[in-house]
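J.: Pasting a structure below so you can have a look.
What follows draws every value from the coordinates through simple rules; no lab data is involved. From a predicted model like this one, the values you see are computed outputs, not experimental measurements. Positions of Cβ are backbone-derived with ideal geometry, glycine not excepted, and every protein chain shown enters the neighbour counts.
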Amino acid sequence: MGYLREHGIKAVCFDIDGTFYPKWQTDIYLLRCALRHPVFSMRYNSMRQKMRKEDALEAGPLLSLREFRAKELRISGMKLDLDSYIRKYEKYMLEPWQKSYGMLVPFDHVRQSVSRLRDCGYITAALSDFPLEGKLEALGLDGLFDYTASTEDSGYLKPNARPFMEMLRELDLDADETLYAGDSYSKDVIGASNAGMHTLLIRKDAVKKEKYPLADLLLTSWKSFDRIIID
């Protein structure tokens with residue numbers, strides 16, 4: 001019996017970047033951004049790291065996207081008004097990101113496994129730290145999810161519990177009815193675990209359970225997903 005039936009799970013939720021496709025493809029995007037505007041890119045990436053630490057695990061109130069951008073600006077310390085910051089973000093970060101979608105190639109077995117989950121009656125969701133517009137379509141995964149969102153839509157980045165809690169609210173599910181799968185222990189596993197969800201870590205070095213104590217399951221690739229999770 002697969003993990004889902006054994007634990008009475010109704011929904012499987014996924015991270016996207018590094019989970020559905022190799023992380024090195026994201027790294028190429030970051031390099032392109034750095035080359036386009038090195039100073040803004042450096043300060044933006046530094047801000048995101050600071051934000052994760054500042055938010056920690058406390059689930060604060062929902063923020064609008066504009067309020068989230070204002071929080072980014074505050075943490076970055078850039079001497080810009082909010083509208084100027086948003087224009088720079090869209091030009092030097094968002095636009096290159098969206099243009100990179102054409103080069104994204106998913107791991108083998110991803111579409112088959114997500115499709116099988118749906119065929120078996122499971123709810124499916126995708127939650128990413130980055131904007132999603134056009135990404136799932138580029139990966140050939142559009143139409144396979146009951147819920148899709150960026151954590152930015154809630155005003156927080158992983159591992160803050162708020163994005164996970166909002167996803168559960170939208171899907172009308174209890175945390176113990178859901179499994180969250182991702183490639184990052186510090187963001188995906190800790191964040192989903194903090195929200196009370198079951199967790200699956202998918203990465204090449206996910207072998208030793210003692211290295212990832214909060215992960216309920218470890219997989220080194222998508223090849224064994226159906227056998228261990230669904231069957």
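J.: Based on the mean of other beta carbon atoms within 10 Å per residue, what is the order of 40-49, 132-141, most packed first?
T.: Peptide ranking by packing, descending: 132-141, 40-49.
J.: With Cα extents along the principal axes in Å in mind, check [x] 57, 36, 34; [y] 75, 46, 36; [z] 47, 41, 38 and report the label derived from this structure.
T.: [x]
J.: Given Cβ point charges of +1 (Lys, Arg) and -1 (Asp, Glu) and nothing else, what value in debye, to the nearest 20, does the dipole of the chain about its Cα centre take?
T.: Charge dipole of the chain: 1040 debye, to the nearest 20.
J.: Just how large is the dipole of the range 25-102 about the Cα centre, in debye to the nearest 20, putting +1 at every Lys and Arg Cβ and -1 at every Asp and Glu Cβ?
T.: So the dipole magnitude of the range 25-102 works out to roughly 260 debye.
J.: Can I ask one more? Report the residues of the range 1-32 in range of a label on ASN45: point 7 Å along Cα→C-beta, backbone N strictly under 12 Å from it.
T.: 26-32
J.: Right, another one. Lys/Arg Cβ at +1, Asp/Glu Cβ at -1, dipole of the chain taken about the Cα centre: which of TYR156, VAL110, LEU62 is farthest positive-ward?
T.: TYR156
J.: Using alpha carbons only, how many angstrom separate the centre of the range 109-127 from the centre of the range 8-25?
T.: A separation of 11 Å, based on Cα centres.
J.: Between GLU67 and ARG5, how many nm apart are label points set 7 Å from Cα along the C-beta direction?
T.: Distance between the two pseudo-spin positions: 4.4 nm.
J.: Right, another one. With each pseudo-label sitting 7 Å past Cα toward Cβ, what's the LYS204-ARG118 distance in nm, one decimal?
T.: Inter-label distance under the simple model: 3.0 nm.
J.: Return a whole-number percent for the relative contact order of the range 25-102, with Cα pairs under 8 Å and 6 or more residues apart as the contact set.
T.: In percent, rounded to a whole number, it is 44.
J.: Express the relative contact order of the chain as a whole percentage, based on alpha carbon pairs under 8 Å and six or more residues apart in sequence.
T.: 27
J.: Once the Cβ-Cβ distance between HIS37 and GLU170 is put in as r, and R0 is 30 Å, what FRET efficiency do you end up with, to the nearest 0.05?
T.: So, using R0 = 30 Å, E works out to roughly 0.30.
J.: Now a separate question. Among PHE20, PHE107, what is the fewest-to-most ranking by other Cβ atoms within 10 Å?
T.: Neighbour counts put them in this order, fewest first: PHE107, PHE20.
J.: Say R0 is 45 Å: what FRET efficiency, to the nearest 0.05, do ILE228 and ARG74 get from their beta-carbon distance?
T.: 0.55
J.: Got a sec? Charge dipole of the range 59-203, +1 on Cβ for Lys and Arg, -1 for Asp and Glu; which of LEU73, GLY191, TYR147 is way out at the positive end?
T.: LEU73
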